[in-house]
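Input: a single structure, listed below in structure tokens.
The values are calculated or read from the model by the stated rules, or taken from the named source; none is laboratory data. None of these values were measured; they are calculated from a predicted model. Ideal geometry is used to build each Cβ from the backbone, glycine not excepted, and the neighbour counts take in all protein chains shown.
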Amino acid sequence: MYKILELSDNLRRKGVPVSIRSTKLAYSVYEIFNKGEHLRRALASVYVKDKRHMELFQEAFDEVFHGKEKKSEETQLRVRRDSRIKTEKTKDMPLVEDELDFQPPIEELLDLDRDERSLLEMDVSRLDFFDTRLFELCKKLGLKIANRRSRRFKGSKFGRPDIRKSIRKNLKCGGALIELVNKKPPVKKSQHIFLCDVSGSCDWISNWFFCIVYAAQHTFYNSRFFDFDNKIVETTKALQEDDLLAAFQNLRVSRQQNMMLHGTSNMYTAFKEFKEKVVFPPRSHLIILSDCRDWAGPREGGVPLSAMVLEEICQRCRKVLILNPEDKNKWDVVDSCVSYYIDAGASVREVRSLRQLAETIEKI
């Protein structure tokens, strides 16, 4: 019985769901095939309900019934004892308090299993578009972004103490400060505008970007959403759905109607149309998801004209942030315009996983 309990506990630690009923059934199987050659396959038929967990079951079975993990731990302990570890004095260690983020990682605040954690760290270029687990993961990430953003701005609702009004109100009390009056928070006139590149080179990441932003869009004041390849199409109304999948379906229909599936990238015409037709307040935040590859855009003296248009947009906005899903080693290669966009006034960040994408959107 102790072997089965140890096996169930080991599987739970590895992220395999194991119920009490499965443990009882496994004990009955263990009594039938005790120390038999078919014990491994019999217990696998009880515990393994998903073929992705078969490898984890094999590891747990070997650790419990063959003790392979204990041997490896003993060898590692022996190596650590024999090795000479150099310790650094605390006086010589630099203080990096400013670089530390004391807020727990976003994956620790979510109830994620082993598969979801692996998806969270996986390169976005390797994600399967038809994997339904990603939709559930994006929902969790979006809700967590919304909660953390609301907690971050909750203190600003009360405002700072208003000394003059507090003194006047407490004159009836002989000047003793009994009631404190706070300043009213300023009205936020800023706007968050999201531009998503849906051209052929960036269509694979734009879908997950909108899945995460959809769940967190209510925390952004007066947010608007646009798709672009060589033109601009607003998708704000398409995302105003209670269900994420319904909003995503509206988004795909909008792209089909505007012939924006695997389109050609021309950021010059897209940015120019955005600058001329879209009206937004000067304190707006512009977030662009793109690989910055202006394939069909015109150039003058080797400089892309889209960078000149983006410079005018940066002067009108409070901040322009570009989220680039490509590796930094591929920036400024062939038709990539990252350096030109940085010189125009935009800040570019590398986003290679869903965790990085969620944390970046949370800090906006």
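For this structure, a couple of remarks:
- Restricting ASP229, ASP242 to residues that are closer than 27 Å to ASP294 by Cα and out of contact with any Phe, Trp or Tyr (no Cβ under 6 Å at 6 or more places or on another chain) narrows the list to ASP229.
- Among the residues of region 335-353, the ones that are over 19 Å from MET308 (Cα atoms) and more than 24 Å from the chain's Cα centre (by Cα) come to 0 in all.
- Tally of residues being modelled with pLDDT of 70 or more and within 19 Å of VAL279 (Cα to Cα) across region 186-229: 15
- Members of region 23-47 that are surrounded by 14 or more Cβ atoms within 10 Å (Cβ to Cβ) and either of a type in the set (Val, Ile, Thr) or closer than 19 Å to ARG12 by Cα (or both): THR23, LEU25, ALA26, TYR27, VAL29, TYR30, ARG40, ALA42, LEU43, ALA44, VAL46, TYR47
- Matching residues in region 33-53 - criterion: being more than 16 Å from PHE65 (Cα to Cα), part of a helix (DSSP H, G or I) and of a type in the set (A, V, I, L, M): VAL46
- Search result, residues across region 254-269 that are under 26 Å from the mean Cα position of the chain (by Cα) and either part of a loop (DSSP other than H, G, I, E, B) or modelled with pLDDT of 85 or more (or both): MET260, LEU261, HIS262, SER265, MET267
- Yes/no for SER19 being of a type in the set (Ser, Thr, Tyr), surrounded by fewer than 18 Cβ atoms within 10 Å (Cβ to Cβ) and either out of contact with any helix residue (DSSP H, G or I) (no Cβ under 9 Å at 6 or more places or on another chain) or assigned by TED's automatic domain parsing to the domain that holds VAL64 (or both): yes
- In region 285-307, the residues that are assigned by TED's automatic domain parsing to the domain that holds SER339 reach residues that are surrounded by fewer than 15 Cβ atoms within 10 Å (Cβ to Cβ) and modelled with pLDDT under 85 with C-beta atoms within less than 6 angstrom, at least six apart or across chains, in these pairs: ALA296/THR264.
- For PRO281: the one exception among (1) within 18 Å of SER223 (Cα to Cα); (2) over 25 Å from the mean Cα position of the chain (by Cα); (3) modelled with pLDDT under 85; (4) assigned to a helix (DSSP H, G or I): (4)
- Number of the exception - VAL279 against (1) closer than 16 Å to HIS192 by Cβ; (2) touching a helix residue (DSSP H, G or I) at 6+ places or on another chain (Cβ under 6 Å); (3) exposed (fewer than 13 other Cβ atoms within 10 Å of the Cβ); (4) not acidic (Asp, Glu): (2)
- Close pairs (9 angstrom Cβ cut-off, 6 or more residues apart or separate chains): not assigned by TED's automatic domain parsing to the domain that holds ASP294 in region 230-259, at pLDDT 80 or above and buried (at least 19 other Cβ atoms within 10 Å of the Cβ) anywhere: none
- Single residue of region 7-16 satisfying the filter (in a helix (DSSP H, G or I) and crowded, with 18+ Cβ neighbours inside 10 Å) that is nearest to the chain's Cα centre (by Cα): LEU11
- Restricting region 261-276 to residues that are among the hydroxyl-bearing types (Ser, Thr, Tyr) and out of contact with any Ser or Thr (no Cβ under 6 Å at 6 or more places or on another chain), the residue that is farthest from ASP197 (Cα to Cα) is THR269.
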